[in-house]
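Read through the structure below, which is laid out as structure tokens, and then see the notes.
The values are calculated or read from the model by the stated rules, or taken from the named source; none is laboratory data. Since the structure is predicted, the reported quantities are computational estimates derived from the model, not experimental observations. In this analysis, Cβ positions are derived from the backbone assuming ideal geometry, glycine residues included, and neighbour counts consider all displayed protein chains. Side chains included, ligands, DNA and RNA excluded: accessible areas come from the protein's heavy atoms. Shrake-Rupley method; radii C 1.70, N 1.55, O 1.52, S 1.80 Å.
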Amino acid sequence: MKKTILVSIITFIFSFFIFTLFLFPYDTVVKYFLNNAINQNRIPVDYSQIQSSPFGTTIKNIEYFYKNKLSLGTLKIDYSPLSIITKSISAHTADSPLDVTAVYNGKTVDIKVNQTVSEIARLVPQVEEYVKKGEIRAEGRINPAKMQGKADIVLSNLSVATPVFPSLNFRKITAGLTLNKNRLKIEKVQSSGENKISLNGIVYLNYNSLYNSNVNLNGNIDISGMKRDFKVSGRLISPRVNF
């Protein structure tokens, strides 16, 4: 009798575990929390499909809306039932102009970016026409609960075209970013090569509409020995540059 009861209990626990692990409506739960976050924070983002399982979630055809619709591709999030204990979750983009990998470790998120500048420029049509080539690498860590973090950025072989200079090349540009709430501080901008640029200042981020973030930057540019100070101000979508 006792043996039968024990077998029944074990069978029940095993069946409950299998149901929870494989038959739980992950899609519905993830969609509920994601839609709730989008609506509460008024984020202009949409997507076409969510596929979830005990080992990951895929969010397909993510689109960001401002004046135009921008396709951000697919976001894949990897986790496992053990993530509840390890508190480790990773995510990466796919079929996207953004090549980003992020790893959450309980309190902080480590972010890595490695891609061409032209792909990022596609997200800002006003900038895209001026970017000819270049590569960007970035590594940073952010505490999402406090919205604080730091990142280091390296731009290599950057080539841009402007109305004044048809071809402006920078061999290497490095920069440091510090985030505190909605203040993104840009500092330690250094460059090497025939042309040089220095830059510092603050971007006041508008999380509900990033294109409407306010820019307040000061810098100096050295083009083959010709040096000029400049200031960048206004909205990110349509900044004013004064020399």
(message) Would any residue of the range 76-105 have its amide N under 14 Å from a label point 7 Å out along Cα→Cβ of residue 55? List them or say none.
(response) 77-83
(message) For the chain, what does the accessible surface come to per residue with a 1.4 Å probe? Please give it in Å².
(response) 65 Å²
(message) For the pair residue 27/residue 110, report the inter-label distance in nm, with labels modelled 7 Å from Cα in the Cβ direction.
(response) 3.4 nm
(request) Kindly express, to the nearest 10 degrees and within the range 0 to 90, the angle between helix 26-40's C-alpha long axis and the longest C-alpha principal axis of the chain. (result) 40 degrees
(message) Quick check: the angle from helix 2-18's long axis to the longest principal axis of the chain, C-alpha only, nearest 10 degrees?
(response) 20 degrees
(request) With only alpha-carbon atoms counted, please give the Rg and Dmax of the range 173-222, in Å. (result) 12.4, 39
(message) So for the range 54-186, if I pair up every lysine 8 or more residues apart or on another chain, how many of those pairs have alpha-carbons under 13 Å apart?
(response) 8
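Rounded to a whole number, what % of the accessible area of the chain do carbon and sulfur atoms account for, probe 1.4 Å?
59 percent
Which residues make up the longest stretch of the chain that has no GluC sites (Glu not before Pro) in a DSSP loop with at most 13 other Cβ atoms within 10 Å? Working shown, then result.
Details: sites that count: 129, 194.
Result, exposed sites excluded: 1-128.
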(request) For residue 34 and residue 224, calculate 0.36 nm times their separation in residues minus their Cα-Cα distance, and state this gained length in nm to one decimal. (result) 63.4 nm
(message) Please give me the summed charge of the neighbours of residue 111: other residues whose Cβ is under 12 Å from its Cβ, Lys and Arg +1, Asp and Glu -1.
(response) 0
(request) Mind giving me the FRET efficiency for residue 76 and residue 212? R0 is 35 Å, r the Cβ-Cβ distance, nearest 0.05 is fine. (result) 0.75
(message) Please report the net charge: other residues with Cβ closer than 10 Å to the Cβ of residue 205, K and R +1, D and E -1.
(response) +2
(message) What does the extension gain come out to for residue 143 and residue 167, with contour length at 0.36 nm per residue minus their alpha carbon separation?
(response) 4.7 nm
